[in-house]
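The block underneath contains the structure these notes are about, expressed in C-alpha cells.
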Amino acid sequence: MKVVECFVKIGAPDRAIKELKDLVRDFPGFLSARVKMGRLLFETGDVANAVDQWEAALQRDPNHAEAQRLIRQSQAMGELHV
C-alpha cells in the first residue's frame with residue numbers, strides 16, 4: 001500500500017487505483033485496499049464504482065465501519081440514490 005500512497009501524493013490517482021485493483025484481484029479479502037480504492041474512485045468522480053467497492057467490502061464484513069460510513073456519507077451528499 002505504500003506504493004499506492006506514493007502515487008496519491010504525486011497526484012497520480014489513476015496509477016494508485018490500478019495498483020489497488022491488482023491488489024484486490026490477487027487478494028479479494030484485502031478490505032482496506034477495497035475501501036481505499038473506493039475513496040479514490042469517489043474523489044475522481046467515479047461514484048458508482050466507489051460504492052461497488054464499499055459494498056464488496058461489506059459483503060465480506062457486514063460490520064466494516066469505514067465502508068458503512070462512506071456509503072452513508074455519499075448518500076447524505078446526494079451522490080448515491082438508493
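The values are calculated or read from the model by the stated rules, or taken from the named source; none is laboratory data. Treat the numbers as computed from the prediction; the structure is a model and nothing was measured. No Cβ is skipped: glycine too gets one built from the backbone with ideal geometry, and neighbour counts run over all protein chains shown.
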Could you please find all residues in region 47-65 being modelled with pLDDT of 95 or more and more than 10 Å from the chain's Cα centre (by Cα)? Leu58, Gln59, Arg60, Asp61, Pro62, Asn63, His64, Ala65
If you check Ile10, Ile17, which single one turns out to be β-branched (Val, Ile, Thr) and under 13 Å from the mean Cα position of the chain (by Cα)? Ile17
Restricting the search to region 24-42, which residues are exposed (fewer than 14 other Cβ atoms within 10 Å of the Cβ) and more than 16 Å from Glu66 (Cα to Cα)? Arg25, Asp26, Phe27, Pro28
Subset of region 31-64 [of a type in the set (Val, Ile, Thr) and in a helix (DSSP H, G or I)]: Val35, Val47, Val51
Among residues of region 21-60, those that are closer than 16 Å to Met77 by Cα and among the polar types (S, T, N, Q), counted: 1
Just the residues that are of a type outside the set (S, T, N, Q), part of a helix (DSSP H, G or I) and without any contact (Cβ under 8 Å) to a residue 24 or more places away in the chain, please, taken from region 65-82. Ala65, Arg69, Ile71, Arg72, Ala76
Within region 22-30, identify whether any single residue is in a loop (DSSP other than H, G, I, E, B), of a type outside the set (Gly, Ala, Ser), over 13 Å from the mean Cα position of the chain (by Cα) and modelled with pLDDT of 95 or more, and answer yes or no. yes
